[in-house]
Amino acid sequence: MKISNETKVGVLAAIAITLLILGFNFLKGKNLLERKNTIYAVFPRVDALSPSDPIKINGLQVGLVADLEEKDENMSGVIVALNLTKKINIPDNSYAMIMSSPLGTSTLNIVLGTSAKFIEDGDTLTTRASGGIMEDLKGTLTPTVDRVNGTLKSLDSLVEQVGVVLDPKTKANLQAVIANLATASSSLTTLVNTQNGALAASLNNMSSFTGNLKKNNDSINHIIKNVDVMTQKFASLDLEATLTKLQAAVDNLNVTLNKVNKGDGTLGLLMNDPKLYNNLNATTNSLNILLQDVRLHPKRYVNVSVFGKKDKSGPLMEPLSDSATKVPNK
């Protein structure tokens with residue numbers, strides 16, 4: 001059976017559209033051919049979270065954020081759709097948290113619970129708010145500060161025990177060192193616990209800056225692409241040949257100007273010979289006198305006579321002496 005050209009074109013168009021859809025979703029981090037389950041989580045705010053951000057459990061990526069949409073018209077919450085690409089048993093008392101890094105990237109972490117009942121496709125997870133960068137830093141530094149405080153107490157007890165052995169000067173120096181360490185520890189604790197301090201402001205500014213970079217990633221890529229295209233065009237130009245031709249043209253122009261300045265050639269003579277100016281000035285003066293004489297004495301040049309005499313003089317063999325043969329008085 002012969003297949004018509006219209007059928008072939010239709011089949012090719014359908015295949016092309018399918019490949020286009022699959023490729024577009026693949027670039028967005030979605031694989032339509034991969035089996036996945038979708039669960040949901042409702043957050044009061046999502047900050048820098050966006051579609052295609054990773055979903056992790058115990059540090060392992062198990063899916064991607066599929067979509068974000070408002071819960072209602074009053075923005076009482078944001079519904080986050082989670083596509084799970086791995087088959088993981090998630091207890092129904094697990095909860096989700098949004099974790100942001102100083103570089104502006106966000107990750108949705110699922111903390112597993114202990115229930116024997118697991119969530120199913122379409123269920124909704126409970127959520128908890130993340131403490132942010134300051135809380136993470138505080139959680140990291142607080143144990144260190146506690147250990148430092150414990151060490152200081154132990155050191156203070158040691159100093160009291162050996163105080164009877166040490167002289168008063170050495171004892172005073174040790175007490176001063178311990179006091180300085182205690183002051184430093186207190187300042188570090190205050191710095192970590194202060195929510196509006198310089199450290200918190202610096203970390204928030206860094207997070208905001210990296211978030212803006214992430215939001216303008218497409219614009220930055222577009223600018224870099226334009227710069228790359230422009231540099232490729234410059235590289236493809238034969239600049240050496242162009243500069244050689246330009247130098248040759250400049251050399252020829254210099255030769256011409258030198259000839260003009262020296263009076264060589266017609267243009268040089270016209271610009272450097274004063275006789276041309278004098279002859280033109282004399283000719284203009286003579287023409288002006290002739291026109292004025294014609295205007296004042298027209299009969300001298302136009303004379304109609306019925307009985308006029310015939311001019312029997314011979315032809316003019318040489319030019320008459322006039323004002324054109326001498327330089328007019330200035």
Criterion first (surrounded by 12 or more Cβ atoms within 10 Å (Cβ to Cβ), modelled with pLDDT of 80 or more and β-branched (Val, Ile, Thr)) does residue 244 satisfy it?
no
Under 7 Å between Cβ atoms, which residue pairs at least 6 apart in sequence (or on different chains) link something in region 283-296 that is touching a residue at least 24 places away in the same chain (Cβ under 8 Å) with a partner that is in a helix (DSSP H, G or I) and surrounded by 12 or more Cβ atoms within 10 Å (Cβ to Cβ)?
283/324; 285/323; 286/323; 286/324
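This table checks each residue for (1) farther than 16 Å from residue 40 by Cα; (2) small (Gly, Ala, Ser); (3) outside the structural domain of residue 40 (by TED's automatic domain parsing); (4) touching a Gly at 6+ places or on another chain (Cβ under 8 Å).
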| residue | (1), (2), (3), (4) |
| --- | --- |
| 66 | no, yes, no, no |
| 79 | no, no, no, no |
| 84 | no, no, no, yes |
| 95 | no, no, no, yes |
| 114 | yes, no, no, no |
| 120 | no, no, no, no |
Would you mind stating whether residue 231 is modelled with pLDDT of 75 or more, over 31 Å from the mean Cα position of the chain (by Cα), surrounded by 10 or more Cβ atoms within 10 Å (Cβ to Cβ) and not assigned by TED's automatic domain parsing to the domain that holds residue 144?
no
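The values are calculated or read from the model by the stated rules, or taken from the named source; none is laboratory data. Predicted model only: the values in this text are computed from it and were never measured. Quick reminder, even Gly has a Cβ in these numbers, built from the backbone with ideal geometry, and neighbours come from all protein chains shown.
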